[in-house]
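Colleague: Encoded as structure tokens, here's the structure I'll be asking about.
Just so it is clear, none of the values below were taken in a lab; they were calculated from the coordinates. Everything numeric in this text was worked out from a predicted model, so none of it was measured.
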């Protein structure tokens, strides 16, 4: 197999790993559904008082409330600041206020957070999740190849990682799934440095 064929095969693998998460997340990335658990709001007042009138009973999963109570609010605050052409250094809405931009949990400066600025929020969470899980698979494939695994083994590693229980349940915490997606890439780069540095135990 020449270099051109290897490059084409590698591109096919990358495309496959980027598309596979759509098996789970196409309805929230391109369809009418959203990852935002808005029904969790009905666990709390004043929403709880209106639950019966609106036909809401028990939220589908009360454990997902962080996404609507925290992350969604952070994204709304960021959008409001951008709309007002302000730098969101300070959040005045929690107690007496606290530093906002310095708190990295909102991931407002993360490159893929651009999606939250150009797409409707209800849609952006789905697209963000799809791309992050796709990247997780691609980077794990790269890491496995760096360790010397074959293409098939590396592909299996990528699929296993992007659909692992940890990654799937973490989609309700965008900052966690974003960080975990890049872990294999970081490990691959560290391994490449080690391979090229005999003093670090490099291998030929």
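Colleague: Give me the distance between the Cα centres of segment 154-171 and segment 1-80, rounded to whole Å.
Modeller: 16 Å
Colleague: Identify which of the listed values of mean projected area of the Cα convex hull in nm² was calculated from the structure shown: [x] 12.2; [y] 15.9; [z] 11.4.
Modeller: Step by step, mean projected area of the Cα convex hull in nm² for this structure corresponds to label [y].
Colleague: Who wins for biggest fluctuation among 180, 157, 149 in a Gaussian network model of the chain, springs between alpha carbons below 10 Å?
Modeller: Taking springs between Cα atoms under 10 Å, the residue moving most is 149.
Colleague: Further question: How long are the semi-axes of the equivalent ellipsoid of segment 126-199, defined as square roots of 5 times the Cα gyration tensor eigenvalues? Whole Å, largest first.
Modeller: Its equivalent ellipsoid spans semi-axes of 24, 14, 8 Å.
Colleague: Would you mind checking the tilt of helix 151-162 against the longest principal axis of the Cα atoms of the chain, expressed as 0 to 90 degrees and rounded to 10?
Modeller: Once rounded, one gets 20 degrees.
Colleague: Using the Kirkwood formula over every pair of different C-alpha atoms, what hydrodynamic radius in Å results for segment 68-151?
Modeller: 14.8 Å
Colleague: Using Cα pairs closer than 8 Å and at least 6 residues apart in sequence, work out the relative contact order for segment 128-203, in percent.
Modeller: Result for segment 128-203 is 36 percent.
Colleague: Using only Cα atoms, tell me the angle between helix 72-83 and the longest principal axis of the chain; keep it within 0 to 90° and round to the nearest 10.
Modeller: Roughly 90 degrees between the two axes.
Colleague: Over segment 31-134, what is the relative contact order in whole percent, taking alpha-carbon pairs under 8 Å and six or more residues apart?
Modeller: Here the relative contact order equals 26 percent.
Colleague: Return the calculated 222 nm mean residue ellipticity for the chain, to the nearest 500 deg cm²/dmol, obtained by summing -39500 (n - 2.57) across DSSP H runs with n ≥ 4 and dividing by the residue count.
Modeller: Helices in the chain give a 222 nm mean residue ellipticity of -17000 deg cm²/dmol.
Colleague: A further question follows. Just to confirm the number: angle between the C-alpha axis of helix 121-146 and the first principal axis of the chain, 0 to 90 degrees, nearest 10?
Modeller: So the helix axis and the longest Cα principal axis differ by about 20 degrees.
Colleague: Further question: If you average the sequence gap of Cα pairs under 8 Å that are 6 or more apart and divide by the length of the chain, what percent do you get for the contact order?
Modeller: 22 percent.
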